[in-house]
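What follows is a set of notes on a single structure, which appears directly below.
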Amino acid sequence: MTRPFTVPAAPRPFRYEGEVEAGEKRQFRSEVSETSLGDPVAVPVTIINGEEPGPQLSCTTATATNSTA
C-alpha cells in the first residue's frame, strides 16, 4: 500500500542540537567516535532547510581516509 504524497502547509525548522530555520543553512562537525588513542573523530555535517514546502532529499557519503591493511 502506498501513501499519497502530501505537502506540508508551511516549511518547518529543522532541529538537531540547534535549529535551522526555513531558507537557512548550517554547517558543523559531529563527533561520532574516537581513535584508539582517545582522540575524537568528527564528521562534517551540512543542513540546508528549504524556503518552501515540498519533497525532501537526504544525501550521505562516507570515505575511509586512513585505512590500514
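The ranking of Val43, Val20 from fewest to most other beta carbons within 10 Å of each one's beta carbon is Val43, Val20. From least to most packed, judged by other beta carbons within 10 angstrom and beginning with the fewest, Ser36, Ser30 follow the order Ser36, Ser30. Amide H contacts of Glu24 (H built 1.01 Å from N, in plane; Pro and chain starts excluded): Asn49 sit under 5 Å, all sequence-distant by 5 or more or on other chains.
Distance between the 7 Å Cα→Cβ label points at Arg29 and Ile48: 2.3 nm.
The numbers here are math on the coordinates, done by the rules we state, and not lab data. Keep in mind that this is a model prediction, so the values were computed, not measured. Cβ atoms come from the backbone with ideal geometry, glycine included; neighbour counts cover every protein chain shown.
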